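K.L.:
I am attaching a structure below and will ask some questions about it afterwards.
The values are calculated or read from the model by the stated rules, or taken from the named source; none is laboratory data. Quick caveat: nothing in here was measured; it's all calculated off a predicted structure. Note that we place each Cβ from the backbone using ideal geometry, even for glycine, and neighbour counts take in every protein chain shown. Side chains are part of the model used for accessible areas, which takes the heavy atoms of the whole protein and leaves out ligands, DNA and RNA. Shrake-Rupley method; radii C 1.70, N 1.55, O 1.52, S 1.80 Å.
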Amino acid sequence: MPLQPSTETSPVLPAIHCRGLSHGFAGRPVLEGIDFEIPSGSISALLGPNGSGKSTLIKLLAGLLTPLGGTVHVAGLAVAQGGAPLKQRIGVVPEGLALLEHLTVEEHFDVLSPVYGLARTEVQIRRDGLLHALALEEVRYLPVRHGSYGTRKKLALALALVHAPQVLLLDEPFEGLDPVAAHTVRQLFLRLAASGVTVFFTSHALSLVERVATQVLLLQGGRIQCAGSPAELAGTLESFYFDQIELPDPPELPWLASPR
Amino acid sequence: MARLATLSAGLIRDHTRGLLAHGGMAGNNLVLAMILAAVAGPPTAFLVAVVGIPLLLAMASEGRPEQAERLALLPLSNWEHALLRWATRLADPVVALLVILGLLAGRRGVAVVGSLLLALLATRLVSNRWRHRSPGPSFHLTALPGPSTGLLGVFLGGMLRTLDSYAALLVAAAGLLYRIETPVPHPAALMGASLMVTLCLSTCTQRLFAPEGPQGLARLRLLPLRGWHLLLLKDTAFLLILLPLVSPFSLSSGLAGGLVSLGLGHLRSLRPSGRPQHPWQFLTGTTMGFSAVQVSSLFVAGIVAQTRALWVLPLCLILNLATLAWAGRRMERPRPGG
């Protein structure tokens with residue numbers, strides 16, 4: 001039985017706490033009155049069809065967009081006043097990956113990590129560890145603009161992790177990854193959650209979500225339609241998803257049946 | 001043939017819109033200065049020759065890689081590809097402008113235009129092959145102390161991947177030649193050289209984060225740094241390029257002009273551009289109106305600083321710091337929706 005998103009306020013703020021969150025573009029509402037809480041140390045997946053507002057929600061949680069209404073707290077800080085302290089506590093893989101195209105993979109760590117207050121030797125240790133863990137060692141001297149989408153995605157993920165954040169906000173972390181890399185990332189999520197890090201990610205890879213997420217939220221029509229653990233949702237996640245989403249009939253395009 | 005005509009017309013339309021669109025290269029301060037110089041007539045012919053012609057060539061050699069990618073997907077034969085490539089090159093609005101000017105100027109004009117067209121085609125051939133391969137200069141300042149010196153190196157490298165910096169270098173080289181060749185250089189000429197160098201670089205101040213692109217700006221906004229800190233690093237990178245170039249001429253004029261450009265540029269530099277900024281291009285300005293205000297302000301500040309540096313420079317610094325604080329706060333705030 002799907003759970004309805006919580007509407008009560010906890011005495012201690014959870015890792016992510018949204019109340020009445022709304023947003024829109026050009027007068028078109030994208031998110032309307034979003035309420036949910038994500039406990040610390042959980043792995044939560046945000047599902048929903050294309051254009052349902054998943055990436056917008058990630059940007060709102062990361063403080064990259066101002067909500068039109070409502071409040072957001074992430075890692076114990078109000079996002080509206082978060083600024084630098086908030087960014088110190090969160091790791092983000094945004095929609096466009098936000099990479100500096102003219103730097104190499106390695107230079108990204110050397111230039112950006114010291115900003116988080118890490119000493120040079122510490123940066124080197126963490127950089128080498130992440131490059132090894134995500135199989136990026138062979139491309140460490142490659143300018144990012146020449147990297148494959150998978151390389152860029154893994155680098156963005158490594159940059160989100162390098163300062164050991166409390167909360168990870170990841171937009172489609174599995175998209176573009178090969179099965180081995182996806183497995184590594186999944187294992188990484190499990191280890192991070194075990195050590196108290198909160199992982200909140202969007203995805204369309206339902207089978208992966210089913211294996212890794214402790215909580216699933218379904219976003220549709222600008223609202224959280226239901227939330228709960230995959231075990232609490234009826235049947236497999238895929239059947240549950242298709243039960244919730246209205247499936248359109250594919251239109252008849254007879255000319256496609258006679259290729260030239 | 002009809003489909004090729006339709007296609008080439010579409011490509012030319014796309015290219016022309018790219019050149020003239022709001023946020024296109026038309027907003028570059030140097031373009032504005034060249035238009036004014038061309039209108040002013042013979043006294044500014046030297047300036048037009050030194051900067052205007054390379055500017056025109058760079059404008060016309062701006063390829064549209066997305067066009068090439070799309071064309072490669074179309075079912076066209078090799079000769080059709082070649083025909084389209086040459087048709088779009090020759091029907092470029094900059095080429096058309098050159099031809100009209102040449103015809104108006106008579107027989108000598110036709111010869112000049114012919115030479116320019118050859119130079120233009122050569123520039124295109126070279127730039128299309130080189131522009132997207134060359135990474136440009138990079139500065140590894142990560143070895144220096146301080147958590148953000150690495151970023152300063154990135155910002156310096158970014159500025160030196162724009163053609164604006166090289167136009168400034170060209171003007172500085174011409175000015176240096178004048179300074180060496182002239183036994184007693186006129187102070188007004190030195191001030192003029194200093195301000196022209198500043199003008200060449202000034203579009204960078206409107207688009208401080210253009211070299212990193214929108215994704216680069218998004219990455220910088222994710223860092224735990226105050227907005228003013230990032231802007232100060234950008235200003236430092238700008239001044240590290242400007243000051244050595246103006247120091248042989250008039251340091252006070254260049255510094256005053258630079259501070260005013262940055263001060264006004266802070267107000268605009270967080271706005272997204274209408275088109276992507278590729279390396280080895282002139283920077284895209286914001287609007288012609290803003291360029292006019294910025295260029296006139298930097299000239300006024302630079303001219304007054306030549307004689308009254310003691311009170312003009314602190315004023316320029318105050319303007320710079322005030323807008324730095326304002327834009328820094330704005331940079332920290334999440335973007336509004338809509």
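K.L.:
Any residue that is closer than 20 Å to A:Val212 by Cβ, at pLDDT 90 or above and out of contact with any Lys or Arg (no Cβ under 7 Å at 6 or more places or on another chain) - is there at least one of those in the stretch A:64-72? If you could, list the steps in order and put the result at the bottom.
P.N.:
Taking the stretch A:64-72 first, the residues closer than 20 Å to A:Val212 by Cβ are none.
No, because not a single residue in the stretch A:64-72 is closer than 20 Å to A:Val212 by Cβ, at pLDDT 90 or above and out of contact with any Lys or Arg (no Cβ under 7 Å at 6 or more places or on another chain).
K.L.:
For A:Cys226, only one of the following conditions fails: (1) in contact with a Leu (Cβ under 6 Å, 6 or more places away or on another chain); (2) closer than 21 Å to A:Arg152 by Cα; (3) of a type outside the set (Gly, Ala, Ser). What is its number?
P.N.:
(2)
K.L.:
Please go through the stretch A:26-60 and pick out each residue that is farther than 30 Å from A:Arg191 by Cα, within 14 Å of another protein chain (Cβ to nearest Cβ) and touching a residue at least 12 places away in the same chain (Cβ under 8 Å).
P.N.:
Passing the criteria: A:Pro29, A:Val30, A:Leu31, A:Glu32.
K.L.:
Going through B:Pro248, B:Pro224 one at a time, which residue ends up being in a loop (DSSP other than H, G, I, E, B) and open to solvent by less than 20 Å² (accessible area, probe 1.4 Å)?
P.N.:
Details: B:Pro248 fails: open to solvent by less than 20 Å² (accessible area, probe 1.4 Å).
Sole residue among the options that is in a loop (DSSP other than H, G, I, E, B) and open to solvent by less than 20 Å² (accessible area, probe 1.4 Å): B:Pro224.
K.L.:
Give me the pairs, please: first residue somewhere in the stretch B:214-243 and among the aromatic types (Phe, Trp, Tyr), second residue anywhere and at pLDDT 95 or above and open to solvent by less than 20 Å² (accessible area, probe 1.4 Å), beta-carbon distance under 6 Å, and either six or more positions apart or on two chains.
P.N.:
Listed pairs, sorted by first residue: B:Trp228/B:Leu324.
K.L.:
Which of the residues spanning the stretch B:221-240 are aliphatic (A, V, I, L, M) and over 9 Å from B:Leu156 (Cα atoms)? First the steps, then the outcome.
P.N.:
Applying the first criterion (aliphatic (A, V, I, L, M)) to the stretch B:221-240 yields B:222-223, B:225, B:230-233, B:237, B:239-240.
Correct list: B:Leu222, B:Leu223, B:Leu225, B:Leu230, B:Leu231, B:Leu232, B:Leu233, B:Leu239.
K.L.:
Could we say that B:Arg330 is more than 26 Å from B:Pro248 (Cα to Cα) and out of contact with any Ser or Thr (no Cβ under 6 Å at 6 or more places or on another chain) here? Let's see the steps before the verdict.
P.N.:
Details: more than 26 Å from B:Pro248 (Cα to Cα): yes; out of contact with any Ser or Thr (no Cβ under 6 Å at 6 or more places or on another chain): yes.
Considered against the rule, which asks whether it is more than 26 Å from B:Pro248 (Cα to Cα) and out of contact with any Ser or Thr (no Cβ under 6 Å at 6 or more places or on another chain), B:Arg330 comes out as yes.
K.L.:
Which one of these does B:Val295 not meet: (1) within 27 Å of B:Gly150 (Cβ to Cβ); (2) open to solvent by 10 Å² or more (accessible area, probe 1.4 Å); (3) in a helix (DSSP H, G or I)?
P.N.:
(1)
K.L.:
Next up: State yes or no: is B:Val197 more than 14 Å from every other protein chain (Cβ to nearest Cβ) and either open to solvent by less than 30 Å² (accessible area, probe 1.4 Å) or within 14 Å of B:Gly254 (Cβ to Cβ) (or both)? Outline the logic, then answer.
P.N.:
On the way: more than 14 Å from every other protein chain (Cβ to nearest Cβ): yes; either open to solvent by less than 30 Å² (accessible area, probe 1.4 Å) or within 14 Å of B:Gly254 (Cβ to Cβ) (or both): yes.
So B:Val197 passes the test.
K.L.:
So, in the stretch A:38-56, of the ones that are in a helix (DSSP H, G or I) and in contact with a Gly (Cβ under 9 Å, 6 or more places away or on another chain), which residue ends up farthest from A:Gln244 (Cα to Cα)?
P.N.:
Filtering the stretch A:38-56 for residues in a helix (DSSP H, G or I) gives A:54-56.
After this cut, where a residue has to be in contact with a Gly (Cβ under 9 Å, 6 or more places away or on another chain) as well, the list is A:54, A:56.
Numbers: A:Lys54: 16, A:Thr56: 21 Å.
If we take residues in the stretch A:38-56 being in a helix (DSSP H, G or I) and in contact with a Gly (Cβ under 9 Å, 6 or more places away or on another chain), then A:Thr56 is farthest from A:Gln244 (Cα to Cα).
K.L.:
Tell me which residues, restricted to the stretch B:251-262, are among the hydrophobic types (A, V, I, L, M, F, W, C) and surrounded by fewer than 24 Cβ atoms within 10 Å (Cβ to Cβ). Give the derivation first.
P.N.:
Residues of the stretch B:251-262 among the hydrophobic types (A, V, I, L, M, F, W, C): B:251, B:255-256, B:259-260, B:262.
Listed by number, the list holds a single entry, B:Leu251.
K.L.:
Right, next: Condition first: within 7 Å of chain B (Cβ to nearest Cβ), more than 18 Å from A:Thr198 (Cβ to Cβ) and in contact (Cβ under 8 Å) with a residue 40 or more places away in the chain. Now tell me which residues in the stretch A:86-115 satisfy that.
P.N.:
Going residue by residue through the stretch A:86-115, those that are within 7 Å of chain B (Cβ to nearest Cβ) are A:87-88, A:92, A:94, A:96-103, A:110-112, A:114-115.
When the remaining residues are screened for being more than 18 Å from A:Thr198 (Cβ to Cβ), the result is A:96-103, A:110-112, A:114-115.
Of everything in the stretch A:86-115, those that are within 7 Å of chain B (Cβ to nearest Cβ), more than 18 Å from A:Thr198 (Cβ to Cβ) and in contact (Cβ under 8 Å) with a residue 40 or more places away in the chain turn out to be A:Leu97, A:Ala98, A:Leu99, A:Leu100, A:Glu101, A:His102, A:Leu103, A:Leu112.
K.L.:
Return the residue satisfying two criteria in turn: it lies in the stretch A:34-69 and is of a type in the set (D, E, K, R) and closer than 18 Å to A:Pro94 by Cα, and of such residues it is most open to solvent (accessible area, probe 1.4 Å).
P.N.:
A:Lys59
K.L.:
Of the conditions (1) open to solvent by 30 Å² or more (accessible area, probe 1.4 Å); (2) charged (D, E, K, R); (3) within 21 Å of B:Leu151 (Cβ to Cβ); (4) not in a loop (DSSP other than H, G, I, E, B), A:Arg127 fails just one. Which one is it?
P.N.:
(1)
K.L.:
Would you confirm whether any residue within the stretch A:100-116 is under 18 Å from the mean Cα position of the chain (by Cα) and part of a loop (DSSP other than H, G, I, E, B)? Spell out the reasoning first.
P.N.:
Taking the stretch A:100-116 first, the residues under 18 Å from the mean Cα position of the chain (by Cα) are none.
So far as the stretch A:100-116 goes, no, none of its residues is under 18 Å from the mean Cα position of the chain (by Cα) and part of a loop (DSSP other than H, G, I, E, B).
K.L.:
Something else now. Could you please tell me which pairs satisfy a Cβ distance under 8 Å, a separation of 6+ or placement on different chains, a first residue in the stretch B:145-164 that is over 17 Å from B:His229 (Cα atoms) and more than 7 Å from every other protein chain (Cβ to nearest Cβ), and a second residue that is of a type in the set (Phe, Trp, Tyr) and assigned to a helix (DSSP H, G or I)?
P.N.:
B:Met159/B:Phe238
K.L.:
While we're on this one: Of the conditions (1) part of a loop (DSSP other than H, G, I, E, B); (2) of a type in the set (Ser, Thr, Tyr); (3) open to solvent by less than 40 Å² (accessible area, probe 1.4 Å), A:Tyr141 fails just one. Which one is it?
P.N.:
(3)
K.L.:
Tell me yes or no: at least one residue of the stretch A:70-85 is at the interface with another protein chain (Cβ under 7 Å from one of its Cβ atoms), out of contact with any Gly (no Cβ under 9 Å at 6 or more places or on another chain), open to solvent by less than 50 Å² (accessible area, probe 1.4 Å) and outside any loop (DSSP other than H, G, I, E, B).
P.N.:
Yes, that holds for at least one residue.
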